[in-house]
């Protein structure tokens with residue numbers, strides 16, 4: 001273990017730096033530099049993020065050399081780089097329920113660290129161009145650094161407490177960034193909506209966290225994922241109709257947090273509204289990193305979740321439904337960023353569905369590390385990886401388009417390939433990747449997901465995945481053709497300003513992984529990104545490999561054909577110079593209007609908030625606060641005031657009153673004294 | 001005989017005191033006070049403290065009372081009728097006065113109820129107990145523990161301070177430089 | 001005439017003086033009541049000097065007279081100052097109403 005320790009030590013400095021650099025950049029920019037000089041703060045944040053990226057690459061390389069090179073020394077290929085005791089709750093008789101603050105590396109956290117650092121750095125560079133004319137950009141860069149710090153802290157944590165801590169920080173950063181232009185009422189409303197909805201979900205997360213942690217005797221992932229823990233928790237508590245299975249309830253409650261954060265139906269309503277924030281925010285937070293935190297958490301606790309009887313089924317159903325639901329809505333939207341937002345929702349649904357599809361048919365536990373489960377797990381993580389690149393690129397290019405035409409509306413775009421040639425090319429790559437065209441990255445990650453569903457017998461999920469793929473190709477081709485082809489439909493001439501370098505270069509850089517991440521990452525994901533029981537035994541890895549190569553080879557062909565069909569239908573409707581096909585106004589049929597209005601889910605939430613939250617809960621609470629609590633205080637203070645008034649009568653200024661009082665006092669003292677003194 | 005005179009004197013004293021506190025005319029009250037002081041002086045004579053009676057007449061009546069009369073004459077309309085106090089005030093003051101009478105009287109008579117009882121009852125001590133002027137003078141300037149030398153010195157300071165203070169308070173500041 | 005009657009007399013005079021002090025609205029009238037109270041004390045001094053004190057203390061006419069002397073002297077000083085204040089108040093306000101002198105109110 002000596003060499004392993006030495007290797008880990010060399011990574012320690014880099015690991016500290018990865019968290020400290022964004023934090024310092026946030027503090028310096030937020031407290032001082034942001035107000036002082038906008039340019040300097042932008043440079044500081046970007047350079048700090050660049051340094052973090054370099055450190056992340058160093059850590060990844062170190063991880064590959066140390067951990068992957070010496071698998072016998074590191075169980076489950078996970079290593080603790082540094083750790084400090086943070087909280088310890090005494091549970092009686094000298095025992096402690098402890099949580100550490102630490103930096104843990106294992107395959108998925110290394111992947112996430114790289115993705116976060118890379119995307120964040122590119123978004124920083126992009127923002128330097130996008131927000132060049134914005135007034136409060138100092139605050140923006142501070143918040144971007146803060147978000148990066150929080151997200152990095154989330155993925156490297158080794159226990160639920162640290163995860164929850166950074167989970168909330170990430171939510172706060174999202175709130176602050178969505179509402180960045182706080183003078184815009186729509187932005188403020190969107191920020192509140194996002195924060196309140198995710199906070200509601202997080203309340204359940206906390207409940208589940210505490211329940212599971214306390215009953216299991218620890219919060220560490222290593223402890224929670226152990227089969228003995230799952231077995232210990234699998235018991236019924238409560239009595240009568242309140243009885244529930246502890247494991248199921250706990251995991252479902254924890255999953256509520258992921259439900260909200262990853263915006264699955266019906267908690268998805270905050271994500272489209274979150275597009276009110278600046279486009280770099282949408283590309284970093286609400287497509288590539290924060291929203292996948294829910295998927296990440298589910299993956300982290302995969303052995304525990306799969307030991308519960310219905311949790312993975314719930315995961316899969318929610319994911320599948322969201323994928324289809326959002327894809328359908330995306331076909332009718334007219335706001336550029338909202339199309340992409342619904343696309344993100346759909347892809348997130350796919351990722352969740354993939355994790356759920358790893359459960360063996362019949363819902364048995366995880367004691368057998370089936371190859372299909374490994375395939376589903378690695379497919380989901382692979383899709384996070386590829387999706388981050390092309391979705392981020394799509395958002396950044398949408399930002400460039402918005403900058404050029406000064407509007408978010410797709411009806412005002414068109415023919416922009418002449419003005420934004422580089423953006424056009426890169427967006428083409430990303431759109432094709434998202435739609436799942438071979439040989440781009442999206443094809444491979446979606447392939448793994450569909451294979452896992454097929455070989456595990458989850459035909460519902462398989463159908464949902466295929467249908468979503470077809471719809472994705474359709475709406476992406478609609479988006480692409482309406483924006484870049486055809487004639488320009490806007491009012492004035494689009495911004496003749498040449499594509500800014502700061503905005504174009506990140507877009508171009510992202511095109512590379514969008515195209516090639518499939519080839520690059522595939523080996524890593526199939527071999528190392530596997531759930532822990534699979535990692536424990538060598539045999540399971542081979543099984544995973546077999547699954548991918550063998551049966552069901554008709555699947556990629558089918559998926560590819562669906563993609564082509566979807567894109568073709570889009571070309572038919574929106575290409576070929578057809579200008580107005582696709583913007584039905586009020587004369588649209590009723591079913592179209594329902595879809596375009598997003599199935600009125602937002603209105604349901606609004607009603608719940610206003611009527612249930614407002615009239616039934618908040619108003620009585622306010623009454624109690626005003627009348628009873630405040631009333632008690634007023635009573636006390638009124639009493640004191642009257643007491644003081646009575647006392648003030650003794651200070652009337654009237655000499656004879658003073659003399660009378662003095663005389664009485666004197667008589668009292670002398671009388672008493674005279675009778676006690678013998 | 002002597003007792004009858006004493007009781008008549010008491011009656012006069014208390015009656016005049018009543019006039020002092022109840023008269024609505026200030027000048028009349030001042031004259032009543034003058035009467036009280038005279039009766040007190042006579043009482044002192046009865047109690048064989050001639051020196052004190054002398055001092056009472058000369059200083060109290062001849063000095064203080066004149067001063068009070070001056071003040072009265074300078075500051076008020078002589079024929080004027082002052083307003084009386086409110087009933088609440090009267091009741092409260094009567095209560096305080098009664099209380100004062102009770103406490104002071106009880107204390108004093110407890111002190112006066114000597115345990116030996118020998119000289120409590122007015123048995124006049126021998127003629128050599130009379131304070132003669134010479135004895136008083138010697139006692140006044142006696143530096144020993146029984147003497148009154150130190151109070152004598154101190155009271156001169158007190159009187160000086162009072163003089164200076166009175167002048168400072170009452171002088172007219174209008175024509176002076178600030 | 002004995003000690004008790006003298007003490008009763010002085011207590012009554014003290015009480016009358018108290019009533020006047022607390023009741024009178026004119027400043028000089030209140031001062032005059034104060035004089036009554038001082039006189040009551042003087043009578044007390046002289047009575048004890050003549051008849052003797054508690055626990056069989058012998059009468060000491062000299063001490064009693066001298067005490068009374070000093071009391072008169074101090075009273076003179078106090079009256080002088082009080083009447084100086086009366087003059088000053090009258091000069092400033094034009095009246096001597098004791099109820100108007102409440103600047104220490106609060």
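List of remarks:
- Meets criteria (without any contact (Cβ under 8 Å) to a residue 24 or more places away in the chain and surrounded by fewer than 24 Cβ atoms within 10 Å (Cβ to Cβ)) for residue A:188: yes
- Among the residues making up segment B:6-27, a single one is at the interface with chain C (Cβ under 9 Å from one of its Cβ atoms) and surrounded by fewer than 14 Cβ atoms within 10 Å (Cβ to Cβ): B:7.
- Pairs with Cβ under 7 Å, 6+ apart, first in segment B:78-101 and within 7 Å of chain C (Cβ to nearest Cβ), second surrounded by fewer than 17 Cβ atoms within 10 Å (Cβ to Cβ): B:82/B:24; B:96/A:664
- Per-region count, segment A:176-195, residues over 14 Å from residue A:139 (Cβ atoms) and either at pLDDT below 90 or not in a helix (DSSP H, G or I) (or both): 1
- Single unsatisfied condition, residue A:439 versus (1) in a helix (DSSP H, G or I); (2) within 30 Å of residue A:114 (Cβ to Cβ); (3) out of contact with any helix residue (DSSP H, G or I) (no Cβ under 6 Å at 6 or more places or on another chain): (1)
- Inspection of segment C:55-72 identifies no residue that is facing another protein chain (nearest Cβ under 7 Å), buried (at least 19 other Cβ atoms within 10 Å of the Cβ), outside any helix (DSSP H, G or I) and touching a residue at least 12 places away in the same chain (Cβ under 8 Å).
- Output for segment B:77-90, where each listed residue is under 26 Å from the mean Cα position of the chain (by Cα) and over 12 Å from residue C:26 (Cβ atoms): B:78, B:89, B:90
- In this structure, residue A:250 does not satisfy being assigned to a loop (DSSP other than H, G, I, E, B) and in the same structural domain as residue A:176 (by TED's automatic domain parsing).
- Residue list for segment C:18-30, filter: part of a helix (DSSP H, G or I) and either touching a strand residue (DSSP E or B) at 6+ places or on another chain (Cβ under 7 Å) or more than 7 Å from chain B (Cβ to nearest Cβ) (or both): C:21, C:27, C:30
- In this entry, residue B:76 passes the filter for residues that are closer than 29 Å to residue C:81 by Cβ and modelled with pLDDT under 90.
- Taking the conditions (1) over 18 Å from residue A:462 (Cα atoms); (2) at pLDDT below 90; (3) buried (at least 24 other Cβ atoms within 10 Å of the Cβ) in turn, residue A:376 satisfies each one other than (1).
- Only residues that are more than 9 Å from chain C (Cβ to nearest Cβ) and in a helix (DSSP H, G or I) were counted in segment B:161-178, giving 1.
- The condition (being surrounded by 17 or more Cβ atoms within 10 Å (Cβ to Cβ) and more than 23 Å from residue A:322 (Cβ to Cβ)) is satisfied by just one residue among A:230, A:258, A:249: A:230.
- The set of residues in segment C:88-97 being within 7 Å of another protein chain (Cβ to nearest Cβ) and surrounded by fewer than 19 Cβ atoms within 10 Å (Cβ to Cβ) consists of C:88, C:90.
- Any chance residue A:134 is outside any helix (DSSP H, G or I) and out of contact with any helix residue (DSSP H, G or I) (no Cβ under 9 Å at 6 or more places or on another chain): no
- Candidates are the residues of segment B:28-45 that are over 23 Å from residue C:6 (Cα atoms) and more than 10 Å from chain C (Cβ to nearest Cβ); the one that is modelled with the lowest pLDDT is B:28.
- Single residue of segment B:46-73 satisfying the filter (over 22 Å from residue C:48 (Cα atoms) and more than 7 Å from chain C (Cβ to nearest Cβ)) that is surrounded by the most Cβ atoms within 10 Å (Cβ to Cβ): B:65
The values are calculated or read from the model by the stated rules, or taken from the named source; none is laboratory data. Fair warning: this is a prediction, and the values are worked out from it, not measured in the lab. In this analysis, Cβ positions are derived from the backbone assuming ideal geometry, glycine residues included, and neighbour counts consider all displayed protein chains.
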